[in-house]
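First up is the structure itself, then whatever we jot down about it.
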Amino acid sequence: MSESVRQNVLSPKLPESGQSRINWSRLYGSARSLAIANLATQTQKPIIVVTADTISAVNLINELNVYIKDSSSIPIITFPDWETLPYDLFSPYQDIISDRLQTLFNLPNTKQGILVVPITTVMHRLLPSDYLFSNSLVLDVGQSVKLEAFRKQLNQQGYRFVDQVTEHGEVSKRGSLLDIFPMGAINPFRIDLLDDEVDSIRTFDIETQRSIYKVETIRVLPAREVALVDEGIARFRANWRARFEGNPAQCPVYRDVSQSLAPAGIEYYLPLFYEETSVLFENIPGDCITGKAVCYKKI
């Protein structure tokens, strides 16, 4: 095979004007990942790669990390599956929910990069696209904070108050110090309060609990994909009664949500909490290269 043919195979063409779809062929093994990586360096649009399952997504991400040297200019974005069975009595790990919420928050402003998502995850209904923007909190050094109102807001957004913060979605209050591990953050933060004012914000290590470095601002995303606020709970109760027969008071899920509790597996009841839901592609810029153009399939 000549050098020019090999280059064409590993750098497939995009659909031309008037085309909506193009098929790639003769890409075996990790050559598909190399072709996607090459494409990412040639276009200024986000690339959406739909995989057959979660294992295929993990393998593809590992291969892309080898071929893409500058991950700062071409980020590899994941939108993981919940990895739980529908309506099972288990909720996803907090780290999974954190990655999902962070991805959904960043996607509308993504200019370039590769989003890898399993097809089963694409089929899920998601929280409204504007929910994260309207319900995220920003804390700056020097900002005035009403502690009780802030604690109530964090509790409504799904944060758990614990003695020591160890994972995403946890908050700890000790004297004038407020430790919080926001969803989507790499490290937890230690907020030092001076009366009602944020005096300093530092990251800290989970293992040693020692502060690392200062930051000027942090963003706190909701800790859940379901809205356990008064409006969301009222909508859940009304939708439950409209869709399910029998006495709702006899169902543990209905009772827990009515008491502002989040039972395990509540994620699969997400559509009941919102007037409208969204799908993944509604959160992606319209000029992206979708899975119809780049699709990773098992052979």
**Prompt:** Can you name the condition, by its number, that residue 39 falls short on among (1) in a helix (DSSP H, G or I); (2) over 18 Å from the mean Cα position of the chain (by Cα); (3) farther than 12 Å from residue 112 by Cβ?
**Reply:** (3)
**Prompt:** Out of the residues in the stretch 182-229 that are among the charged types (D, E, K, R) and over 28 Å from residue 131 (Cα atoms), which is least open to solvent (accessible area, probe 1.4 Å)?
**Reply:** 192
**Request:** Could you tell me which residue of the stretch 129-149 is nearest to residue 182 (Cα to Cα), considering only residues that are at pLDDT 90 or above and crowded, with 16+ Cβ neighbours inside 10 Å?
**Result:** 139
**Request:** Would you mention how many residues in the stretch 168-202 are among the acidic types (Asp, Glu) and in contact with an Asp or Glu (Cβ under 7 Å, 6 or more places away or on another chain)?
**Result:** 2
**Fill in**
For the stretch 231-257, pairs from a residue that is over 28 Å from residue 135 (Cα atoms) and open to solvent by less than 50 Å² (accessible area, probe 1.4 Å) to a residue that is among the hydrophobic types (A, V, I, L, M, F, W, C) and not in a helix (DSSP H, G or I), with Cβ under 9 Å and 6 or more apart or across chains, are 251/244
**Message:** Pairs needed: first member in the stretch 134-148, over 20 Å from residue 169 (Cβ atoms); second member anywhere, part of a loop (DSSP other than H, G, I, E, B); C-beta distance under 7 Å; at least 6 residues apart or different chains.
**Reply:** 140/216; 141/216; 144/196; 146/196
**Message:** Restricting to the stretch 163-204, give me the number of residues that are part of a strand (DSSP E or B) and of a type in the set (Asp, Glu).
**Reply:** 5
**Message:** For the stretch 89-103, check the following and say yes or no: at least one residue is farther than 29 Å from residue 138 by Cβ and either of a type in the set (A, V, I, L, M) or crowded, with 18+ Cβ neighbours inside 10 Å (or both).
**Reply:** yes
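The values are calculated or read from the model by the stated rules, or taken from the named source; none is laboratory data. Note that the structure is predicted; figures quoted are calculated from it, not measured. Methodologically, a virtual Cβ is constructed for each residue, glycine included, from the backbone with ideal geometry; neighbour enumeration extends over all protein chains shown. Accessible surface areas use protein heavy atoms only, side chains included; no ligands, DNA or RNA. Shrake-Rupley method; radii C 1.70, N 1.55, O 1.52, S 1.80 Å.
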